[in-house]
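What follows is a single structure, written as structure tokens, with notes after it.
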Amino acid sequence: MDVRAILANYDNFKAQQLKNRFLKHNDVVSLLEKLPSTFEVQKLGNSFEGKRINAVKWGKGKIKILLWSQMHGDEATGTMALFDLFNFLQRDTALAQQCQLYIIPLLNPDGAERFTRRNAQQIDINRDFLQCLTPEAQILKAYRNKINPDFCFTLHDQITLWSVTGSLKPATLSFLSPAIDHQLSTNPIREKAMLVIADMFETLSPIIPGCIGLFDDEYEPRAFGDNFQKLGTSTILIEAGGLKKDPEKQEIRKFYFAAMLKGIMSIATKSYLKKNTSHYFAIPKNNKQIFHILIHGLVMDGIKTSIGINYDEYPTHDGMRTEKIYSIQDIGDLSFCDAYETFSSSNFISNGVIIFNQNAHFELFDESEMILCFQNGKLF
Ligand SMILES: [Zn+2]
């Protein structure tokens with residue numbers, strides 16, 4: 001199976017019911033109810049606010065793979081891609097003979113309800129492995145112990161300001177084989193995940209060239225990925241980042257699906273064994289050289305300079321959208337940077353005060369034409 005050919009048919013198995021990042025527990029439950037009987041849906045427990053957390057088991061093969069999505073409630077790309085995967089798997093028989101998938105879509109339904117990272121107790125589930133104070137962490141830990149999978153995938157979204165070293169493009173996807181100690185040691189378990197990632201990178205990189213980076217590999221003793229890796233399950237982290245003109249991540253979701261599928265195929269067919277760890281370490285690292293908005297050629301205090309503007313997203317009360325608040329994040333020589341949107345002129349002038357680290361509150365003019373208008377951080 002060729003991933004590029006599969007992607008060409010993506011619209012045939014895309015879970016059309018999921019349209020944006022603000023999916024809720026009800027959306028997930030109604031899709032799970034429609035799955036055919038080759039998918040075994042099982043209740044694992046309840047979230048803090050009593051929402052049922054489900055797992056889906058599929059396949060009869062020997063290799064066990066655990067995947068979970070949205071342990072951070074505002075990181076929905078993995079969940080959307082998992083439902084695309086469920087649709088795809090209904091056409092597949094080969095993978096079913098090679099592996100067993102154990103999948104928890106939407107581990108943090110209370111967070112998803114509010115579109116927040118944390119659960120209803122305001123705790124970050126991915127910093128709760130050791131104390132296990134949240135029911136969601138308890139559920140995930142117990143499920144892994146019960147299955148004892150060979151591999152797992154921890155599915156996340158990262159902030160859209162990560163870029164890829166060398167390409168200056170947004171890191172649309174990032175991968176990581178999480179560390180097992182502060183020294184970033186490797187062992188055969190961690191190395192196996194590195195080889196799978198190298199295999200994923202080789203396939204995905206020509207599809208989105210320059211848009212895949214290695215996520216920061218600092219050891220986090222409270223995180224699930226680091227601990228599962230330590231416990232003997234080779235762990236692969238996937239992060240969805242940004243892509244120009246795709247704020248709702250519907251294009252990214254497609255590549256995310258492809259990355260996940262390639263990872264599963266690599267494990268199932270053992271194609272990762274043809275890789276070595278140098279392929280993994282050759283993947284460019286993430287850095288922060290992009291802005292949401294970059295303005296070149298603005299005349300300020302008698303000099304011509306550049307300014308970089310980023311937004312933070314705040315969920316609305318109903319958790320169904322976010323409000324973006326823009327602030328000035330850099331002023332000066334930004335010639336080595338890029339952005340989702342770049343505005344250049346020989347003579348931009350502004351009406352208002354531009355202050356570093358404060359909310360954007362100005363109008364940008366090219367000659368007499370208004371290009372941008374910010375008021376108290378909001379873009380109009
Ligand atoms: Zn996350």
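The values are calculated or read from the model by the stated rules, or taken from the named source; none is laboratory data. All values reported here derive from a predicted model rather than from experimental measurement. So basically every Cβ, Gly included, is an ideal-geometry build from the backbone, and we count neighbours across all protein chains shown. Only protein heavy atoms, including side chains, enter the accessible area calculation; ligands, DNA and RNA are left aside. Shrake-Rupley method; radii C 1.70, N 1.55, O 1.52, S 1.80 Å.
Considering each residue of region 240-251, count those that are open to solvent by less than 10 Å² (accessible area, probe 1.4 Å) and out of contact with any helix residue (DSSP H, G or I) (no Cβ under 6 Å at 6 or more places or on another chain), and give that number. Break it down into steps so the answer makes sense when it comes.
Here is the first cut: in region 240-251, the ones open to solvent by less than 10 Å² (accessible area, probe 1.4 Å) are 240-242.
Keeping just the survivors that are out of contact with any helix residue (DSSP H, G or I) (no Cβ under 6 Å at 6 or more places or on another chain) gives 241-242.
Here the count works out to 2.
Any residue at all in region 267-277 that's assigned to a strand (DSSP E or B) and open to solvent by 20 Å² or more (accessible area, probe 1.4 Å)? So far as region 267-277 goes, no, none of its residues is assigned to a strand (DSSP E or B) and open to solvent by 20 Å² or more (accessible area, probe 1.4 Å). Looking at region 208-237, which of the residues that are more than 12 Å from ASP181 (Cα to Cα) and among the polar types (S, T, N, Q) is farthest from the chain's Cα centre (by Cα)? Ranking the qualifying residues of region 208-237, first place goes to THR233.
Checked against (1) assigned to a loop (DSSP other than H, G, I, E, B); (2) more than 16 Å from the ligand (Cβ to nearest atom), PRO178 passes all but condition (2). Consider region 319-342 and keep the residues that are of a type outside the set (Val, Ile, Thr) and open to solvent by less than 40 Å² (accessible area, probe 1.4 Å). The one that is nearest to PHE291 (Cα to Cα) is ALA339.
Return yes or no: is SER345 assigned by TED's automatic domain parsing to the domain that holds ASN26, surrounded by 15 or more Cβ atoms within 10 Å (Cβ to Cβ) and over 20 Å from ASP246 (Cα atoms)? Show your work before the answer.
Numbers: assigned by TED's automatic domain parsing to the domain that holds ASN26: no; surrounded by 15 or more Cβ atoms within 10 Å (Cβ to Cβ): yes; over 20 Å from ASP246 (Cα atoms): yes.
No.
PHE86 fulfils the conditions (1) under 20 Å from PHE151 (Cα atoms); (2) of a type in the set (A, V, I, L, M, F, W, C); (3) open to solvent by 10 Å² or more (accessible area, probe 1.4 Å) except for a single criterion, (3). Across region 307-366, what is the total count of residues that are under 24 Å from the mean Cα position of the chain (by Cα) and not in a strand (DSSP E or B)? Here the count works out to 7. Any chance region 306-316 includes a residue that's without any contact (Cβ under 8 Å) to a residue 24 or more places away in the chain, open to solvent by 10 Å² or more (accessible area, probe 1.4 Å) and in the same structural domain as PHE13 (by TED's automatic domain parsing)? No, the conditions are met nowhere in region 306-316.
A single entry from LEU66, LEU89, LEU85, LEU95 fulfils the requirement of being modelled with pLDDT of 95 or more, of a type in the set (A, V, I, L, M), more than 16 Å from the ligand (Cβ to nearest atom) and more than 24 Å from the chain's Cα centre (by Cα): LEU95. Name every residue in region 118-127 that is within 10 Å of the ligand (Cβ to nearest atom) and buried (at least 20 other Cβ atoms within 10 Å of the Cβ), in order of residue number. Matches in region 118-127: ILE125, ASN126. Residue check: THR235 meets all listed conditions (1) open to solvent by less than 10 Å² (accessible area, probe 1.4 Å); (2) within 16 Å of the ligand (Cβ to nearest atom); (3) farther than 24 Å from LEU89 by Cβ but one, namely (3). Only one of the numbered conditions (1) under 23 Å from PHE22 (Cβ atoms); (2) over 23 Å from the mean Cα position of the chain (by Cα) is not met by LEU44, and that is (1). When LEU184 is tested against the conditions (1) more than 14 Å from the ligand (Cβ to nearest atom); (2) part of a loop (DSSP other than H, G, I, E, B); (3) surrounded by 22 or more Cβ atoms within 10 Å (Cβ to Cβ), the lone failure is (3). Summed over region 150-163, residues that are part of a strand (DSSP E or B) and either within 15 Å of the ligand (Cβ to nearest atom) or farther than 20 Å from GLY78 by Cβ (or both) total 7.
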